[in-house]
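Notes follow once the structure below has been shown.
The values are calculated or read from the model by the stated rules, or taken from the named source; none is laboratory data. Note that the structure is predicted; figures quoted are calculated from it, not measured. Here the Cβ positions follow ideal geometry from the backbone for every residue, glycine too, while neighbour counts run over all protein chains shown.
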């Protein structure tokens, strides 16, 4: 079992395209792309670990022109990516799989503001250990945002590379009470240290 206090002991399969990284939207290369539609994403089952809640589910997206099937959602606190110099207090990761077996992760930062009713359902799942009904996950994804795209890795051991990352530039909000409740359930910090970009290109995907 790995822990976040001894990250230098993690096994790394390779090392030149690791995640997370610091991203700068001002220097990223802008390209047009069709904005994804996350309306089909549903959470159907939950599992609580030491560090986070993982919500498995169903749904299909098209990411950068490639069909991708939703696998699971989990959270990191603090957030893992630093976007334009800011690390959010919470970051959601929506893990997808392409038809060829490759992985894509859609990352969404959350900051303190208005309460998010769907995140409230997530907190209920943490407290009860079960989902009373499928959670519609689209409310945990921004409707209007640019995305920062780069090639990286998973952020937990064995941190395998070849992962397509799509990181939202527009954060969503949770209330101060919701964030405090989440951090009460999961007091241990579960963000991986920033990794070197190593010259990887970063694209800013703007909706057509």
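The table below gives the values:
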| quantity | calculated |
| --- | --- |
| The stretch 139-181, residues that are part of a helix (DSSP H, G or I), surrounded by 15 or more Cβ atoms within 10 Å (Cβ to Cβ) and out of contact with any strand residue (DSSP E or B) (no Cβ under 7 Å at 6 or more places or on another chain) | 139, 178, 181 |
| The stretch 108-125 residues that are surrounded by fewer than 20 Cβ atoms within 10 Å (Cβ to Cβ), paired with ones that are modelled with pLDDT under 95 and in a helix (DSSP H, G or I) (beta carbon under 6 Å, 6 or more apart) | 118/139 |
| The one condition in (1) modelled with pLDDT of 95 or more; (2) farther than 18 Å from residue 56 by Cα; (3) outside any strand (DSSP E or B); (4) out of contact with any helix residue (DSSP H, G or I) (no Cβ under 7 Å at 6 or more places or on another chain) that residue 192 fails to fulfil | (4) |
| Any hit, the stretch 73-85, residues being assigned to a strand (DSSP E or B), free of Cβ contacts under 8 Å to residues at least 60 places away in the same chain and under 28 Å from residue 14 (Cβ atoms) | yes |
| Residue that is farthest from residue 207 (Cα to Cα), among those in the stretch 131-150 that are touching a residue at least 40 places away in the same chain (Cβ under 8 Å) and within 14 Å of the chain's Cα centre (by Cα) | 137 |
| Any hit, the stretch 50-71, residues being closer than 16 Å to residue 98 by Cα, in a loop (DSSP other than H, G, I, E, B), at pLDDT 90 or above and within 19 Å of the chain's Cα centre (by Cα) | yes |
| Pair list, Cβ < 6 Å and 6+ apart or interchain, from the stretch 2-16 residues that are without any contact (Cβ under 8 Å) to a residue 24 or more places away in the chain to residues that are loosely packed, with under 12 Cβ neighbours inside 10 Å | none |
| The stretch 1-27 - residue that is within 14 Å of residue 160 (Cβ to Cβ) and at pLDDT 95 or above and, of those, surrounded by the fewest Cβ atoms within 10 Å (Cβ to Cβ) | 17 |
